[in-house]
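Structure first, commentary second.
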Amino acid sequence: MTDSPIDLAALELTPEQLTCACAPEDFTFATTEDIEPLAGTVGQERALRALEFGLGMQTKGYNLYLAGRPGTGKRTTLLAYLERIAKKQPTPPDICYVHHFQDPRSPAVVYLPAGRGRELADDMRELVELCKREIPRAFESEEYDRRRNEIMQDIQSQRERIYDDLQKLASAHGFSINVTPAGILTIPVREGQPLSREAFLALPEEERKKIDEGSHILSEAVGQTVSRERRLQKEARDRIRELDRLVGMFAIGPSLTELRQKYAEYPPIAHYLEAGQEDFLQNLDAFRIQPAEPGEPSPQQTFVEEMAVRYSVNVVVDNSQTRGAPVVVEGNPTYYNLFGRIDYKPVMGTLLTNFSMLRAGALQRANGGFLVLQAKDVLTQPFVWDTLKRAVDTGEIRIENLGEQFGVLPVIALRPEPMKLKTKVILLGDAYLYALLYRMDEDFRKQFKVKVEFGSDMERNEISVQHYAAFISSQCKSNGYLKFSRGAVAKVIEHGSRLAEHQRRLSTHFIEITDLVAESSYWAQQDGAEQVETPHVAKAIEEHDYRSNLIDERLRDLIFEGTIIVEVAGSRVGQVNGLSVLQLGDYTFGKPSRITARTAPGAGEIINIERETKQSGPIHSKGVLTLMGYLLGKYGRNMPLALRASLGFEQLYDEVDGDSASSAELYAILSSLSGVPIRQNIAVTGSIDQNGRIQAIGGANYKIEGFYQICEHLGLTGDQGVIVPKANIPHLMLNDETLRAVQEGKFHIYAVERVEEGIELLTGLPAGEPNEKGEYPPGTISYKVVEQLKAFRRIARLTPGRRADEGERGDEGKPTPRTPPKTA
């Protein structure tokens, strides 16, 4: 065997390279009681800068989208920040709807300083109650009766004088006057008796002519009398109405004057009070009904109550208790919860409404402040997203019921005046949803210009470690957990790096850290301890995994009993132990799989069994094509690859994706071609590029631990281990059990950069480097591969019916002449 040019011992990683321990002695505190609780957010400097900018930017369109994984503290950070800055901002005004006296179907919106809206509503309520009480009294007073009687007597006197004049004129012309409900009749008389028609016709013509002339004169006088009568009736009504207005103003005038003075600095309210006063004086009759005794309301009283609504004030947004800008978090952003609604009440088989039944939504309550919404909830509720964008774009909020907008037939409905909108809308969601909206919705780009991105990890340094400790302290003190020793804090920090899958980073997925702190305190209490120690944290991690690892255990059991075949000892040609990662909810684990390869003469193709059976994802298929590119570049430059290879994951019945098995698949093909067996005690993970470099993969810790558990159960031999990409060394944070086995020399981790290093580890033979002629030294893997490919080539040339595009080159790459086909 030729000596290997690669130092295989140097490829093995030391225990120190497999984790990044946190030394408890580096801490200056004894327990978390000695630490000031954390104030603020840890490790999100980029997000905080973007958040501060977005909340401070008042230009239109600078609404915010907070992107990040759930549990990274988006909502908590946002609300804490809003609570701090909202107090420093001015309190927005109250928003009220009032009756529009000129257009009752379009209630008017008015704005008053915070608290004054409720005050105006109370004032108007008192005014209406005053009207109900004082108006009937005023109209039943003796003074009102006296003055009304004086008016009626004066009108009656004038009326009598008019008829007296008419009677005198009639007498002068030989007529009498008879006033009937049908009108005024003029009747000619003779000697005090009415003149019949026969008597009239018997008169001399000169007398008849005289009577006719008198009749014409009286007709004109009667017309004038009727006109004067009508003018008197109108005068009577006007004088009574004016008297009523005077009485009404006498009853409520002082109160109205006081209200006008009180709200004189608010022109819309002054205008509303003036219009309301005029409307009230025109509807005095509604308030002249004396309130009945308690009991069933009469129709007259119901009418009074309905009229009283006209003068009420509907405070749809009451900021009397708000200090600073409002912060509204709407957890259920349905259309009506967000934009308000118009209520209806049934009356005699029909539905009625008025401005007092307008109800505000979250967007109205957040006016002048901040509205926080979950992006996914907004997008899944019908009509919400488009309506929200329209409101943000126009700067107006309209209260409209969906039935009125989308009904088949137009109906008479309220059309409230829109409110002015000045709200900072903040959406919370993940980065994928942000990218989707940004790409698919142009309005989103214009209206949500500030992306606040929360990372899932942060740099691990002295400051971030101290922040982690302060975070643990704040959790203990705010939730009543047991205090943590510095050893327990160190263990939590190490777990934070494990969650981040990086030795120099810490997870900012604080929901998991919060759970770990709570569960560690629980197990310490169960142990009767006064404080949380390192074993309690380890117990919490172990128990958390145990609650979720049922599938993992079942798969391991199938391997242990031989149902799923995994060999961890010996050697096999064309077979290698690959490693994959499965994620089931909150639990992730590694699983070994047998990857096998068979090779034969062919036309330079690799059959991916998973792809052929539609169980291969696109990234896995890409990995197979990449390794084919490596084979072409490595062995196909001087001759065509007369190769047909078959790759498969044995006993795998689910879809496989990712390219982390591409190096293992390549090793299996090289083993099959060279006939050199591969060690089954070493599992492999890592992707390759076409130049043979081993590239980093995900889930390295879980893959190593998964293979270790199988080996540990089937029996550790001391030479078992895993090959990982060298680029993954910073990502290694192995659990205590696996790390202990490495420290004791029972398990080994190797890191490789190139295919040649991996194949030498797996076979014990050197990979082989070509000389200036492209030839490989005998006894190397590459030499054996080339020899087998030449043999395949010879077989392919002698095989009848080979493909015309397979090429016509000899074993050394020289062209060979074609043989003309024989003809009959």
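The values are calculated or read from the model by the stated rules, or taken from the named source; none is laboratory data. These numbers come from a predicted model, not from an experiment. No Cβ is skipped: glycine too gets one built from the backbone with ideal geometry, and neighbour counts run over all protein chains shown. Protein only, heavy atoms only, side chains kept; ligands, DNA and RNA dropped before computing areas. Shrake-Rupley method; radii C 1.70, N 1.55, O 1.52, S 1.80 Å.
On the basis of the beta-carbon distance and an R0 of 60 Å, residue 217 and residue 137 show a calculated FRET efficiency of 0.70.
By accessible area of protein heavy atoms, probe 1.4 Å, what ranking do 759, 217 get, highest first?
So the residues, ranked largest to smallest area, are 217, 759.
For residue 795 and residue 12, the FRET efficiency from 1/(1 + (r/R0)^6), where r spans their Cβ atoms and R0 equals 25 Å, is about 0.05. Charge dipole (Cα centre; +1 on Lys/Arg Cβ, -1 on Asp/Glu Cβ; no other charges) of region 408-472 amounts to roughly 460 debye. Can you give the calculated 222 nm mean residue ellipticity of the chain, where each DSSP H run of n ≥ 4 adds -39,500 (n - 2.57) and the sum is split over every residue, rounded to the nearest 500 deg cm²/dmol? Estimated from H runs of four or more residues: -15000 deg cm²/dmol. Each Lys or Arg adds one and each Asp or Glu subtracts one; over the other residues with Cβ under 12 Å from the Cβ of residue 453, this totals +3. Counting only alpha carbon atoms, the long axis of helix 142-172 and the longest principal axis of the chain meet at about 50°.
Ignoring aspartates and glutamates fewer than eight residues from residue 389 along the same chain, the ones with Cα atoms less than 13 angstrom from its Cα are 441, 442, 443. Placing +1 on the Cβ of every Lys and Arg and -1 on the Cβ of every Asp and Glu, with no other charges, gives region 67-139 a dipole of roughly 600 debye about its Cα centre. Heavy-atom accessible surface of residue 265, to the nearest 10 Å², is about 130 Å², with a 1.4 Å probe and all protein chains retained.
For residue 477, the lysines whose Cα falls under 24 Å of its own Cα, not counting residues fewer than eight places away in the same chain, are 74, 491, 539. Taking all protein chains together and rolling a 1.4 Å probe, residue 336 ends up with roughly 80 Å² accessible.
Heavy-atom accessible area with a 1.4 Å probe sorts 427, 48, largest first, into 48, 427. Taking a ≥ b ≥ c as the square roots of the eigenvalues of the alpha-carbon gyration tensor, region 569-613 is classed oblate because a/c is 1.5 or more while a/b is no larger than b/c.
Computed about its Cα centre, the charge dipole of the chain is approximately 2420 debye, with only Lys, Arg, Asp and Glu carrying charge at their Cβ. Within the assembled protein chains, the solvent-accessible surface assigned to residue 69 is about 110 Å², based on a 1.4 Å probe.
Taking only Cα atoms, what is the 0 to 90° angle, nearest 10, from helix 534-548's long axis to the longest principal axis of the chain? Between the helix axis and the principal axis of the chain, the angle is about 80 degrees.
Among the listed pairs 614/784; 422/451; 376/703; 703/790, a Cα-Cα separation exceeding 26 Å is found for 614/784; 376/703; 703/790. Ordered by solvent-accessible area of protein heavy atoms (1.4 Å probe), largest first, the residues 385, 523 come out as 523, 385. Taking Cα atoms only, the orientation of helix 74-86 departs from the longest principal axis of the chain by about 40 degrees. The stretch between residue 343 and residue 28 holds 107.1 nm of extra length on full extension. This uses 0.36 nm per residue minus the Cα-Cα distance. Of the peptides 204-212, 669-677, 555-563, 731-739, the ranking by mean beta-carbon count within 10 Å, highest at the top, reads 669-677, 731-739, 555-563, 204-212.
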